[in-house]
Structures are given as C-alpha cells and as structure tokens.
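A short worksheet on the structure shown next.
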Amino acid sequence: NAGVTQTPKFQVLKTGQSMTLQCAQDMNHEYMSWYRQDPGMGLRLIHYSVGAGITDQGEVPNGYNVSRSTTEDFPLRLLSAAPSQTSVYFCASSFSSTYGYTFGSGTRLTVV
Amino acid sequence: GQQLNQSPQSMFIQEGEDVSMNCTSSSIFNTWLWYKQDPGEGPVLLIALYKAGELTSNGRLTAQFGITRKDSFLNISASIPSDVGIYFCAGRTQGGSEKLVFGKGTKLTVNP
C-alpha cells in the first residue's frame, strides 16, 4: 500500500497564481485533513472531511478551498497565492480521528 | 479554539539520558496522541491514549493520559541518536469533533 500520497513535493508560485495540491490515500479512510506547518507554529488545521461530499473548515481556512468527490482524493486549492501561504502542507487520513491520522510526506510551497 | 501548550520547545541531551516532555491544555481531551517527525517527512504516530490515567509503552517510549484529562506526558528512556526529531502531542476534545489539535512541538537533539 502507498498510504497517503501528496504531489507535488516542491512548488514555487508567484503571488496571485492558483494551484491545486493533490492528496490521495489507498486505505479506504473516511477522514482526511489538510494541515500547514510553519516554523515554531506546529501543525495547524486548514480543512477536513469526514467522508465523500462532506468538508468543514479548520483553524486557518482563509485562502484555501477543498472538495471531496471520492473517498480516495482530497485536493487543496489555493485560489490566489500569497507569500503568507509559504509553508509545508501535509495531508492526513484516518478511519477515525480517535485512532490518529496517517500523514503524507508533505508539499513544500514557496510563494514569491 | 483549543490550544495545546507543549514543553519544552527544545532539548539537547547526551545519548543514554532519559527525556520527558509534556502537553497541557485548559480544555478536556478524550484522546491524546504523540507523534514524531523526522526532517523532511510527515509526522508518524508513536502512541495513542484514550482513558484518563492510562499509561502506555512503545519500546523505550512511555506516555500517560493525565487524570484531569487536560494533560499528557511522553518519556523516552535511554535515548539514542535516532531519537532526534520533533515530537508533537495532539488531542481530540469531547463533543464528537473530528478535529485534532496539535502542540507546537518539542525539538530533540541527542549528542552521541
């Protein structure tokens, strides 16, 4: 099993550009989340989903959109990139948050 | 929103020493999780705790769910160089929310 796969691993964007960070899991997990990690800030929740067709906002949702059309995929869209969105983004999945999430290896995004 | 206060922020120890770190919150949690993150990778789940007072071990790691349900501790015994990394606590509050809240991490350096 591949687990949680994130693409791309690295990305540089210009301010104002849009892009989609891809996340796919092959474990048939219902629960999926997106976090961003900034130095000294730990992991902050952007959006999460408890199943296909169901999403909700986390702690820092502004500037990001998500959708969950299938169980396997949970893409994160940056609508108009800003330098403040420079960060490492992690996607995670679980069959229940009670038992913890499995994380992908991250996407390192730089906005110039 | 809920906040987890994780301490210490960083630790510099000699190989063979024991390590202790903790997380506290003003909110009651019904699940505590401890993760380790290696450089360039996503966090990996080490230990999960589900009941107040629970003490769980995973090799040289031992974690406890505080009896007040507002704190948790992680101990590492006889540290080795591969213990280097960032350790995160994460908690899930009462009320059925599927959100996980993360601490800001403890960066551990082990000198051989």
* Selection count where residues are more than 21 Å from B:I67 (Cα to Cα) and among the aliphatic types (A, V, I, L, M), scope the range B:20-47 -> 2
* Any idea which of (1) among the hydroxyl-bearing types (S, T, Y); (2) without any contact (Cβ under 8 Å) to a residue 12 or more places away in the chain; (3) more than 13 Å from chain A (Cβ to nearest Cβ) is the one B:T56 doesn't satisfy? -> (3)
* Structure fact -> Expected output for the range B:1-25 (first residue open to solvent by less than 50 Å² (accessible area, probe 1.4 Å), partner of a type in the set (K, R), Cβ below 7 Å, 6+ apart or cross-chain) is B:Q6/B:K104; B:S25/B:K70
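Yes or no: the range B:55-67 includes at least one residue that is more than 14 Å from the chain's Cα centre (by Cα) and among the polar types (S, T, N, Q). If you could, list the steps in order and put the result at the bottom.
Taking the range B:55-67 first, the residues more than 14 Å from the chain's Cα centre (by Cα) are B:59, B:67.
Those left that are additionally among the polar types (S, T, N, Q): none.
No.
Just to verify a result, which residue in the range B:26-45, among those that are of a type in the set (A, V, I, L, M, F, W, C) and open to solvent by less than 40 Å² (accessible area, probe 1.4 Å), is modelled with the lowest pLDDT?
Taking the candidates together, the pick is B:F29.
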* If you go through the range A:55-104, how many residues are out of contact with any Lys or Arg (no Cβ under 7 Å at 6 or more places or on another chain), within 13 Å of chain B (Cβ to nearest Cβ) and among the hydroxyl-bearing types (S, T, Y)? -> 6
* **Extreme residue, farthest from the other protein chains (Cβ to nearest Cβ), among residues of the range B:74-100 that are at pLDDT below 95 and under 12 Å from the mean Cα position of the chain (by Cα)** => B:G91
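Out of the residues in the range A:1-37 that are of a type in the set (A, V, I, L, M, F, W, C) and farther than 16 Å from A:S49 by Cβ, state the one that is surrounded by the most Cβ atoms within 10 Å (Cβ to Cβ). Talk me through it step by step, then tell me what you get.
Filtering the range A:1-37 down to residues of a type in the set (A, V, I, L, M, F, W, C) leaves A:2, A:4, A:10, A:12-13, A:19, A:21, A:23-24, A:27, A:32, A:34.
When the remaining residues are screened for being farther than 16 Å from A:S49 by Cβ, the result is A:2, A:10, A:12-13, A:19.
Values: A:A2: 9, A:F10: 9, A:V12: 12, A:L13: 19, A:M19: 16.
Looking at the filtered set, the residue picked out is A:L13.
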* To do: Answer yes or no as to whether B:N22 is more than 14 Å from every other protein chain (Cβ to nearest Cβ) and at pLDDT below 95.
  => no
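The values are calculated or read from the model by the stated rules, or taken from the named source; none is laboratory data. On a predicted model such as this, the values are computed, not experimentally measured, just so you know. Reconstructed Cβ throughout: ideal geometry from the backbone, glycine too, with neighbour counts over all protein chains shown. Side chains are part of the model used for accessible areas, which takes the heavy atoms of the whole protein and leaves out ligands, DNA and RNA. Shrake-Rupley method; radii C 1.70, N 1.55, O 1.52, S 1.80 Å.
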